[in-house]
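Student: Have a look at this one.
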Amino acid sequence: MTFISRIVGSGSYLPEKVVTNDDLSKKVETTDEWITSRTGIKRRHIAAEGETTSDLALKAARKAMQDAGVSADEIDLIVVGTTTPDRTFPATAVTIQAKLGVIHGAAFDVQAVCSGFVYAMSVVDGFIKAGQAKTALVIGAETMSRLLDWEDRATCVLFGDGAGAVVIKAVELKNGMKNHPHGILSTHIHSDGRYEELLYTDGGPSSTGDAGHLRMEGKEVFKHAVTNLAEVVVEALEKNGLSASDIDWLVPHQANKRIIDSTAKKLKMPREKVILTIEDHANTSAASIPLALDAARRDGRIKDGDLILMEAMGGGLTWGAVLVRW
Ligand SMILES: CC(C)(COP(=O)(O)OP(=O)(O)OC[C@H]1O[C@@H](n2cnc3c(N)ncnc32)[C@H](O)[C@@H]1OP(=O)(O)O)[C@@H](O)C(=O)NCCC(=O)NCCS
């Protein structure tokens, strides 16, 4: 039997507290004008004290399961893309598994920073195609606020907290569907560890014993993002014999509006076809794609049969794309 991974539900959750650019300008030397013009960000959500990544993820997961009409006992795989786990171990995915009351199957985290959701989708697609999972929860969840140096204006203005989730089912690919299947058409993941020093945390369990703070060479990361994302979207389209004009929606990682605009321009995609949430969410790392996806589904933009291209780049460097027929 051949299986395809079909997204059957989505959900998302954002913490209640909203911090605007003006709020930040009272803490560090910055302005709303600087942040907006360089990044497109206006505000971000920040987790409350004691609110963890698994708390956000659980709320997003429950909404996705409700949307899909799937109960906990059907879930046999939970993969969480996160770089801000509740604990160094166990994986945040098993905490979520327990909170959902799932007592079978497997749960683990994928660490690819801002590409975490794309990597998690790729992993789950592999499991489904291999016949090793039937109903999976794929979650991107982050409390990036906990990794930030709130005195470093070059990074603290860029990130936010949140979670997004999708439920994926294994659907048997029958002959009649092969020409126009609904589901994940292909996934493409890459990494290049030579660029580790461009985006990293200056701590970790085996180096300093604490989580450290996020450090970034913003300009360099920007250049790599523009190049790598342009390449990987072409790779995804070529693999499927499709062209940019076939895409209904570009759902990019929301790191910087100028990076998104550059990818859309290279694809000659009009702005109306690009799902943008960066203004309200900032960069929520692995959560940004499922947050944007869920927003566009719930407001009716994404419809059955639409061709959706997701792409992301993050620390590592890591980058990748997922092409889906909804
Ligand atoms: C971070 C980023 C917004 C900076 O934009 P930029 O166009 O490279 O920055 P500019 O060269 O225009 O400005 C740099 C100057 O602004 C200053 N600056 C940095 N942060 C600032 C802030 N929040 N407010 C005001 N000034 C700031 C710097 O100190 C620097 O000043 P200097 O020239 O006197 O040294 C941009 O490089 C970026 O988005 N990079 C990619 C980041 C990213 O997406 N990371 C995540 C990938 S997953």
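The values are calculated or read from the model by the stated rules, or taken from the named source; none is laboratory data. Since we're looking at a predicted model, the values are computed, not measured. Don't worry about glycine lacking a Cβ; one is built from the backbone with ideal geometry, like all the others, and counts go over all protein chains shown.
Student: Looking at Tyr195, Tyr200, can you tell me which residue is in a helix (DSSP H, G or I), over 26 Å from Ala68 (Cα atoms) and not aliphatic (A, V, I, L, M)? First the steps, then the outcome.
Tutor: Values: Tyr200 fails: in a helix (DSSP H, G or I).
From the options Tyr195, Tyr200, the qualifying one is Tyr195.
Student: Determine which member of the set Gly193, Gly212 is within 16 Å of the ligand (Cβ to nearest atom), closer than 17 Å to Gln111 by Cβ and surrounded by fewer than 18 Cβ atoms within 10 Å (Cβ to Cβ).
Tutor: On the way: Gly212 fails: within 16 Å of the ligand (Cβ to nearest atom).
That would be Gly193, the only listed residue that is within 16 Å of the ligand (Cβ to nearest atom), closer than 17 Å to Gln111 by Cβ and surrounded by fewer than 18 Cβ atoms within 10 Å (Cβ to Cβ).
Student: Do the conditions hold for Met144, that is, is it under 14 Å from the mean Cα position of the chain (by Cα) and either within 16 Å of the ligand (Cβ to nearest atom) or among the hydroxyl-bearing types (Ser, Thr, Tyr) (or both)? Step through it out loud before you land on a result.
Tutor: Values: under 14 Å from the mean Cα position of the chain (by Cα): yes; either within 16 Å of the ligand (Cβ to nearest atom) or among the hydroxyl-bearing types (Ser, Thr, Tyr) (or both): yes.
Yes: the conditions hold for Met144.
Student: Can you list residue pairs whose Cβ atoms sit under 8 Å apart, with the first residue in segment 220-235 being assigned by TED's automatic domain parsing to the domain that holds Trp319 and in a helix (DSSP H, G or I) and the second being surrounded by fewer than 18 Cβ atoms within 10 Å (Cβ to Cβ) and among the hydrophobic types (A, V, I, L, M, F, W, C)? Count only pairs 6 or more apart in sequence or on different chains.
Tutor: Close Cβ pairs satisfying both conditions: Val233/Ala244.
Student: Filter segment 23-32 for residues that are near the ligand (Cβ under 9 Å from one of its atoms) and not small (Gly, Ala, Ser) and give the result. Talk me through it step by step, then tell me what you get.
Tutor: Here is the first cut: in segment 23-32, the residues near the ligand (Cβ under 9 Å from one of its atoms) are 24-25, 28-31.
Selection gives Leu24, Val28, Glu29, Thr30, Thr31.
Student: Of all helices (runs of 4 or more DSSP H) completely enclosed by segment 43-148, which ones contain at least 3 residues that are of a type in the set (D, E, K, R) and in the same structural domain as Asp32 (by TED's automatic domain parsing)? Working first, answer last.
Tutor: Details: elements: 53-68, 92-100, 116-129.
Qualifying helices (runs of 4 or more DSSP H): 53-68.
Student: Restricting to segment 249-268, name every residue that is outside any helix (DSSP H, G or I) and either more than 10 Å from the ligand (Cβ to nearest atom) or in contact (Cβ under 8 Å) with a residue 40 or more places away in the chain (or both).
Tutor: The answer is Trp249, Leu250, Val251, Pro252, His253, Ala255, Asn256, Leu267, Lys268.
Student: Sticking with this structure for a sec: Name every residue in segment 5-42 that is surrounded by fewer than 22 Cβ atoms within 10 Å (Cβ to Cβ), part of a loop (DSSP other than H, G, I, E, B) and either without any contact (Cβ under 8 Å) to a residue 24 or more places away in the chain or of a type outside the set (Asp, Glu) (or both), in order of residue number.
Tutor: As a first pass, look at segment 5-42 and keep what is surrounded by fewer than 22 Cβ atoms within 10 Å (Cβ to Cβ): 6, 8-9, 15-34, 36-38, 40, 42.
Add one more test, that the residue is part of a loop (DSSP other than H, G, I, E, B), and what stays is 15-16, 26-31, 40, 42.
Residues satisfying the conditions are Pro15, Lys26, Lys27, Val28, Thr30, Thr31, Gly40, Lys42.
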